[in-house]
Amino acid sequence: MHTMRTPLLVARLLERGARLAPQEEIVTAFPSRLHRQTYADTRRRASQLAHALAGLGVRTGDRVGTLMWNNHRHQEAFYGVPSMGAVLHTLNLRLPPRELEYTIQHAEDRILLVDSDLLPLLVPLKDKLKTVEHIVVAADPADAPHGFPGTIDWEDRIADQPPRFDWPELDEYAPMGLCYTSGTTGNPKGVMYTHRSTYLHSMAQALTDAVGLSSTDTVLQVVPLFHVLGWGYPYTASMLGSKQILAHGHIEAEMMLDLIEREKVTFSAGVPTVWQSVRAAIEAQPGRWNLSSFKRINCGASAPAPSLIRWYWDHLGVEMIQTWGMTEINPLGVTSRRIAKRKHLTLSLDDQFANVAKTGLPIPGLELEIVDDAGTPLPHDGKTPGNLLIRGPWVCAEYYRLAESDSFKDGWLRTGDIARIDSEEYLIISDRSKDLIKSGGEWISSIDVENHILGMKGVAYAAVVAQPHPKWEERPVALVVRTPGATLTADDVVRHCAARFAKWQLPDEVLFVPELPLNSTGKLDKKTIRANLASSGYQLPTLR
């Protein structure tokens, strides 16, 4: 028996939400006001944008770059650009000028869609962007004149366009989105998503055993839309018709909490540093916010401390779902939930949270393996570490316009993570290979040590990195940001670590700093931390 050959296209996902929930809201929090528009409005304006881009010469397969905050116009680009057959290239507004120029040129973006307050980022590049033919500027009446020559106004350009665009019937393997890795080594690498991969990723993300997103949810989009297409939530939420809340500009903890209370947010996602800052705000002002609507958090990009996961449950009744993923996998790969199997129903609460501390179980459709350096599979015993491999229908098979890479071999993506897999198929990531600390021939997980330090009262943030040592090759160094008023000492931190780790795993030095650098995706920037230590930027004492 044959089934219909209906291609899996992004337009079909988005049209579903607009048909089923035309009056549901997409809300943008601007610095001084809220903008509300419906799904029906968004579909109409996305169609008008597609007509406008077609009028500027955009054709199937052309790259359209977006340099934009999280807002309703960016959401319209998420809808209209891939649906018309072009490729949405979300530009990371936190990149330095050289890398921003590189990604625009490497992608060969023909059109840039830019928020007016981000135009200054293009000033150093305006004579270097050889492939860019037009810059379309999204501005509001209250915005200051930008004075950037030769631009097109978003609202003027779409105003007279038809309200419906006949989305073309594309090949489901056609490209729809382009994101670049954060470029921790060399130039950023491009990852192209297809309609098929994004369609399948959106369906899998909504599964009950993934993050359980529903049409009844109100989703606060904290993850920048430029970061792996906002972790996929603009597509999954729009497919379902969920209410969505966006924030134009930097979003701080108090603003997040205000939005959660006012808009009755049920779900949000973000990196651990975001949820640490939200916790600090709640503890500093207990009772200020009514957070009774808030039910679930997706915490990803780096591993949250088990103490943070438990705090949200114990104090707010909010489930923190740990996820792991990569730009190369669209990005969701595994999820860790308090109750992930039927057998977990009878576990004690402490044992359930012990499972949540593991990285997680693979999403249906994905396969994981660990191998040694020769490529030989290793046992899934929870003890043996190896190089983590992954494959599946939304895992990329090559980097965009990069002929060869040792990241892909025999149909698997080599993730660069060192991990274990236990007998229940839980993934337990030890570290990124470049962040592992090799001391005296033994490996130390920087993640394990820094998450243990984060469990201390008085610690706001912590990072553990390797520093060269004349005898032991490398030794761990801890950098700690205290919470306001905290008086803990280096000896306190070492004693706390000694309760769990062997003596040779303890930090050689504990350095208290006012803040820690974050990279362009909001994770701890260990590359910069190591560089600062190497240049005595943190005034590290002489290592023992």
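The values are calculated or read from the model by the stated rules, or taken from the named source; none is laboratory data. Just so we're clear, the structure is a prediction, and the values are computed from it rather than from any experiment. Please note: Cβ atoms are built from the backbone with ideal geometry, for glycine as well, and neighbour counts cover all protein chains shown. Quick note on the areas: whole protein, heavy atoms, side chains included, nothing else; ligands and nucleic acids left out. Shrake-Rupley method; radii C 1.70, N 1.55, O 1.52, S 1.80 Å.
The figures follow:
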| read-out | value |
| --- | --- |
| Carbon/sulfur fraction of accessible area - the chain, other protein chains in place, 1.4 Å, % | 51 percent |
| Selected from Phe78, Ala269, Pro120, residue furthest toward positive end of dipole (the chain; charges at beta carbon) | Ala269 |
| Highest to lowest packing among 222-234, 486-498, 295-307, 312-324, scored as the average C-beta count within 10 Å | 222-234, 295-307, 312-324, 486-498 |
| Cα gyration tensor category, rounded, prolate or oblate, for region 346-473 with a/c compared to 1.5 | oblate |
| Too-long pairs where the Cα-Cα distance tops 19 Å, listed order kept, from Lys295/Lys358; Lys189/Lys409; Lys264/Lys523; Lys189/Lys527; Lys243/Lys295 | Lys295/Lys358; Lys264/Lys523 |
| Charge dipole magnitude, Cβ of K and R +1, D and E -1 - region 315-423, Cα centre, debye nearest 20 | 480 debye |
| Other-chain or far-sequence residues with amide H under 5 Å of Val87's (modelled H) | Gly61, Asp62, Arg63, Val64 |
| Helix-only mean residue ellipticity at 222 nm for the chain, each DSSP H run of n ≥ 4 adding -39500 (n - 2.57), per residue, nearest 500 | -8000 deg cm²/dmol |
| Rounded to the nearest 20 debye, dipole of region 457-510 from Cβ charges on Lys, Arg, Asp, Glu | 200 debye |
| Contact order normalised by residue count of the chain, Cα under 8 Å, 6+ apart, percent | 10 percent |
| The chain: angle of helix 39-55 to the longest principal axis, Cα-based, in degrees nearest 10 | 70 degrees |
| Total charge dipole magnitude, the chain, about the Cα centre, Cβ charges on Lys, Arg, Asp, Glu only, Debye to nearest 20 | 500 debye |
| Amide hydrogen neighbours beyond the local backbone of Phe408, cut-off 5 Å, H modeled | Arg414 |
| Sites Leu511 and Glu254, calculated FRET efficiency, Cβ-Cβ separation with R0 45 Å, nearest 0.05 | 0.95 |
| Contact order relative to length of region 1-114, as percent, for alpha carbon pairs under 8 angstrom and 6 or more apart | 26 percent |
| Accessible surface, 1.4 Å probe, highest first, among residues Tyr39, Tyr173 | Tyr173, Tyr39 |
| Charge dipole of the chain about the Cα centre (unit charges at C-beta), most positive-ward option of Asn519, Pro379, Ser446 | Pro379 |
